[in-house]
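Please read the structure below before turning to the comments.
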Amino acid sequence: MPSRESPTDRQRIDVAGPTALGDAIAWTRRYAADQGLVEHDQARLCIIVEELVTNLCEHGICERDREIAIELARKDMSVDLLIEDNGVPFDPRTVTGAAAIPARGGGAGLNLVRSWSDIVGYDSGGGRNRLQLSLPLSGR
């Protein structure tokens, strides 16, 4: 089956500063609706973006220096997600349950991201981090 991806299916946004999280979530909601994702898949995509950007905002990047780029690309039965940032290098594939902070629910968000999506790759260099995920769509 040929890929559904076309030039309009791939979109990118750069968010920065104190509004980065809100801007990222609002943009992801619009993208998901524009792509015709069913409500269940829209919600999962938005939660994944929210968890990842929240982690960057809380742990990886000082607010005034925050630069995050998000790219989404629709395929037949998945959405590819790329997040680039200028924060502290962090590969979510290497985190174990021992690194979680139970009092804060720490680690739950990353576990959710890992259970709902496939981590395709991560690399860090030149002051930038790149995390690539693929979210299988349920189509429910």
Exercise. How about region 33-87: which of its residues are of a type in the set (Val, Ile, Thr) and in contact with a Leu (Cβ under 9 Å, 6 or more places away or on another chain)?
Worked result: Val38, Ile47, Ile48, Val49, Val53, Thr54, Ile68, Ile70, Val79, Ile83
Problem set entry | Pairs with Cβ under 8 Å, 6+ apart, first in region 110-126 and more than 18 Å from His59 (Cα to Cα) and of a type outside the set (A, V, I, L, M), second at pLDDT below 90 and surrounded by 11 or more Cβ atoms within 10 Å (Cβ to Cβ) | Arg114/Pro92
Problem set entry | Pairs where the first residue, in region 16-45, is within 19 Å of Val113 (Cα to Cα) and the second is assigned to a helix (DSSP H, G or I) and small (Gly, Ala, Ser), C-beta under 8 Å, 6+ apart | Asp41/Ala32; Gln42/Ala32; Gln42/Ala33; Leu45/Ala32
For this session: Would you check which residues across region 12-58 are outside any helix (DSSP H, G or I) and surrounded by 15 or more Cβ atoms within 10 Å (Cβ to Cβ) and list them?
Result: Ile13, Val15, Ala16, Gln35, Leu37
Exercise. Just checking, which of Glu84, Glu67 is within 11 Å of the chain's Cα centre (by Cα) and at pLDDT 85 or above?
Worked result: Glu84
Seminar exercise, completed: If we keep only residues of region 46-64 that are modelled with pLDDT under 85 and among the charged types (D, E, K, R), then the residue farthest from Pro136 (Cα to Cα) is Arg64
For this session: Evaluate the following for Asp91: is it among the charged types (D, E, K, R), surrounded by 13 or more Cβ atoms within 10 Å (Cβ to Cβ) and modelled with pLDDT of 95 or more?
Result: no
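The values are calculated or read from the model by the stated rules, or taken from the named source; none is laboratory data. Predicted model only: the values in this text are computed from it and were never measured. Reconstructed Cβ throughout: ideal geometry from the backbone, glycine too, with neighbour counts over all protein chains shown.
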